[in-house]
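Enquirer: I'd like to ask you about the structure that follows.
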Amino acid sequence: MSNVTSKKLFTPGPLGCTRTVKEAMLRDVGSRDAEMIDVIRDIREELLDVAGVSSKEYTAVLMQGSGTFCVEAVFQTACPRQGARVLLMINGAYGKRMKTICDRLGIAADCCEFREDEMVDPLKVEEQLRAGGGDYCLAAAVHCETSSGVVNPVGELGRLVAERLPGALYLVDAMSSLGAVPLDAAAARADFVVSSANKCLQGVPGFSFVLARRGPLRRCEGNSRSLSLDLAQQAEGLDALGQFRFTPPTHALLAFRQALREFQLEGGVPARARRYRENWRILQEGMSAMGFRKLLSGKGEGYIISTYHFPRHRNFSFDHFYASLSEMGQVIYPGKVTQADCFRIGNIGDLHPQDMAHLLRCIEEVLARMAVPVPVP
Ligand SMILES: Cc1ncc(COP(=O)(O)O)c(C=O)c1O
C-alpha cells in the first residue's frame, strides 16, 4: 500500500477531492453523538446557503446513497400511490433514468424528448402541453445533462410548469451543477432540487440530498411505497432529532463539512464556477488544437464536462487510449450518448488549470504512441 497514489479523475464522478477533505474522515464519531448532530445541522444549513434559498421556504434533506437514490426518493415521495402521472423533460441518460424509475414504480410518465446534443426547449414543451397533457403531480428536468454536458434552462421550464401545470410539483436534478452553475431555485419555482456530496461541492461519495420546499414536502407524507426512500419521513427524523433514521455515513458527513468550508474559502459559487470555466477553456483550446471535434456546438453547452467524437483513424481504439492515459494517472470517461462514438472529459472536482494542461500533454503523448496523427482526423 505504501506507494499507492491517487489518479486525477476527469470524470463525471466519483470526483477527486482535496487531501484535507479526505483527512477529515480519519476520525470515528458516533452516529447519535452531539458532535455528529452538529455536523448534520451545519451541513443542512450550509446547503440552503449554497443554493441561495431561505430556511423558511426550503429544508435540506440528506439521504444515504448516491444521487439516484435521492432522485428515486423524490418520485417515491411526490407521487401518490394511486393514479400518479408525471411529465419528464428528457435530453439524455439521466432524464431517461427517471423514466426507468417511474416504470419500476408503476408511475405513468409522459416524456417530452429532445436530441442528446440539444437543450430541452421550453417552447416545444409548451407546444406539447397545449396539444394535451395529463393531470401531472410532478414535472422533472435535469439541469446539467452530464451524459453530454448540455445545460437545460431549468428556470424557464419551472416558470412554464408553474403557469401551465399549477397542480404539479417541480423536480430539478442539479446533480452535476449545484455549487458551480448558478441556479435560482426559488425563481425556478423548484419544489425539489437534488444533488450529491461528491459532485461540484467536492465531498466524498456516500450520500445525496434534496433541497425541498417545506409545504409540498409535508403534503407528500404517506405517499412513499418505500420505507428507506421516504423523503418526508427522513425530513421529519432530521428535524425532530437532528439525526438520520438509519445508520448515517458518518465519515462522508465529516468530509462534507470540510468540503463546504473549503467551498466557502474558495469564494462560493462564483469562484467555483470561475475555476471550472477556466479548466474547461484550457481543455477546449487544447483539444481543438489537436483536432478533436466536440459533440455540442454552442447552444446549451456547459462547463462541467465535454463530449468528444472519436478520431476517425484506424489506429485509434478508445480502450487503448483510456488504458494508456490511466497508466499515466489520468482517468477520462467513456461516452454516454447513444447517437455517436464519443468519450467524455470532466473538469470538476479538485482539478485546476495545471491539471488540465498536464492531461493535454498526456493525450498528445498517447496519440503519438498509438501512431494517430495530430491534428486527429
Ligand atoms: C445529472 C445526473 N443525474 C443523476 C446522476 C446519478 O447519480 P449517481 O451516479 O450518484 O447515482 C448523475 C451522475 O453523474 C448525474 O450526473
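Enquirer: I'd like the FRET efficiency for GLU163 and LEU241, computed as 1/(1 + (r/R0)^6) with the beta carbon distance as r and R0 of 45 Å, rounded to 0.05.
Expert: In this case the efficiency is close to 0.70.
Enquirer: Can you find, among ALA93, ALA340, THR146, the residue sitting farthest towards the positive end of the charge dipole of the chain, where Lys and Arg contribute +1 and Asp and Glu -1 at Cβ?
Expert: ALA340
Enquirer: Something else: Please list, or write none, the aspartates and glutamates whose alpha carbon is within less than 14 Å of the alpha carbon of LYS336, excluding same-chain residues fewer than 8 places away.
Expert: List returned: GLU116, ASP117, GLU145.
Enquirer: Here's something else I'd like to know. Students often forget the sequence filter, so: which aspartates and glutamates lie under 13 Å Cα-Cα from LYS7 once same-chain residues fewer than 8 apart are removed?
Expert: The qualifying aspartates and glutamates are GLU327, ASP350, ASP355.
Enquirer: On to the next question. With Cβ to Cβ distances under 12 Å as the rule, what net charge do the other residues near HIS309 carry (K, R +1; D, E -1)?
Expert: Numbers: positive: ARG293, LYS294, ARG312, ARG344; negative: ASP117, ASP341.
Here the charged neighbours net out to +2.
Enquirer: Here's a follow-up. Find how many whole Å separate the alpha carbon centroid of the range 255-288 from the alpha carbon centroid of the range 295-363.
Expert: 18
Enquirer: With θ taken as phi - 60° and the coefficients 6.51, -1.76 and 1.60, list the Karplus ³J(HN,Hα) couplings across the range 286-296 in order, rounded to whole Hz; mark glycine and proline as x.
Expert: Running phi through 6.51 cos²θ - 1.76 cosθ + 1.60 with θ = phi - 60° gives x, 5, 5, 5, 7, x, 5, 9, 7, 6, 8 Hz.
Enquirer: Turning to a different aspect of this structure: Quick one: net charge of MET89's neighbours, Cβ under 14 Å, K/R +1, D/E -1?
Expert: The answer is -3.
Enquirer: Compute the distance in nm between two label points, each set 7 Å from the Cα along the Cα-to-Cβ direction, one at ARG19 and one at HIS358.
Expert: So the label points at ARG19 and HIS358 sit 1.3 nm apart.
Enquirer: Rank these for me by crowding, HIS320, HIS251, HIS143, going from fewest to most other beta carbons within 10 Å.
Expert: Exposure proxy ranking, most exposed first: HIS320, HIS251, HIS143.
Enquirer: Which parts of the range 142-165 would a label at THR338 reach, counting a residue when its backbone N lies under 18 Å from a point 7 Å out along Cα-to-Cβ?
Expert: Counting backbone N atoms under 18 Å from the label point, the list is 142, 145-150.
Enquirer: Now for a separate question. Contour minus end-to-end for GLU285 and ARG261, with contour as 0.36 nm per residue of separation and end-to-end as the Cα-Cα distance?
Expert: 5.5 nm
Enquirer: About its Cα centre, how strong a charge dipole does the chain have in debye, to the nearest 20, once Lys and Arg get +1 and Asp and Glu get -1 at the Cβ?
Expert: Roughly 360 debye for the chain.
Enquirer: Cβ under 14 Å from GLY106's Cβ, GLY106 left aside: what net charge do those residues give with Lys, Arg +1 and Asp, Glu -1?
Expert: On the way: positive: ARG81, ARG85, LYS99, ARG104, ARG225; negative: GLU72, ASP103.
Neighbourhood net charge equals +3.
Enquirer: For Cα pairs less than 8 Å apart in space and 6+ apart in sequence, what is the mean separation divided by the residue count of the chain, i.e. the relative contact order in percent?
Expert: 24
Enquirer: Fewest to most neighbouring Cβ within 10 Å: what's the order for SER195, SER288?
Expert: In order of increasing Cβ crowding within 10 Å: SER288, SER195.
Enquirer: What order do you get for SER224, SER317, SER196, SER208 when you list them from fewest to most C-beta neighbours inside 10 Å?
Expert: On the way: SER224 21, SER317 14, SER196 27, SER208 24.
Result, fewest neighbours first: SER317, SER224, SER208, SER196.
Enquirer: Tell me which of LEU231, ALA60, CYS70 sits at the most positive position along the dipole axis of the chain, charges placed on C-beta atoms (Lys, Arg +1; Asp, Glu -1).
Expert: CYS70
Enquirer: Let me ask something else. Compute the length gained on full extension between VAL374 and ALA186: take 0.36 nm times their separation in residues and subtract their Cα-Cα distance, giving the result in nm to one decimal.
Expert: Extending this stretch completely gives an extra 62.9 nm.
Enquirer: Separate question: Would you count, across the range 20-264, every pair of lysines whose alpha carbons are under 23 angstrom apart, provided the pair is eight or more residues apart or spans two chains?
Expert: Lysine pairs satisfying the spacing and distance rule in the range 20-264 number 5.
Enquirer: Right, something else. Rounded to whole Å, give me the distance from the Cα center of the range 215-246 to that of the range 116-154.
Expert: Cα centroid of the range 215-246 versus Cα centroid of the range 116-154: 28 Å apart.
Enquirer: Rounded to whole Hz and in sequence order, give me ³J(HN,Hα) for the range 344-360 from the Karplus expression 6.51 cos²θ - 1.76 cosθ + 1.60, θ = phi - 60°, writing x for Gly and Pro.
Expert: Residue by residue, the range 344-360 yields 10, 10, x, 10, 10, x, 7, 10, 9, x, 5, 5, 5, 5, 5, 4, 4 Hz.
Enquirer: On a C-alpha basis, how far is the centre of the range 1-47 from the centre of the range 48-94 in Å? Whole number, if you could?
Expert: 23
Enquirer: With labels modelled as points extended 7 Å from the Cα through the Cβ direction, what inter-label distance (nm, one decimal) is found for HIS320 paired with ALA271?
Expert: Between HIS320 and ALA271, the simple spin-label model gives 4.4 nm.
Since every read-out is calculated from the coordinates, none of them should be taken as a lab result. Remember, it's a predicted structure, so these values are computed and weren't measured experimentally. No Cβ is skipped: glycine too gets one built from the backbone with ideal geometry, and neighbour counts run over all protein chains shown.
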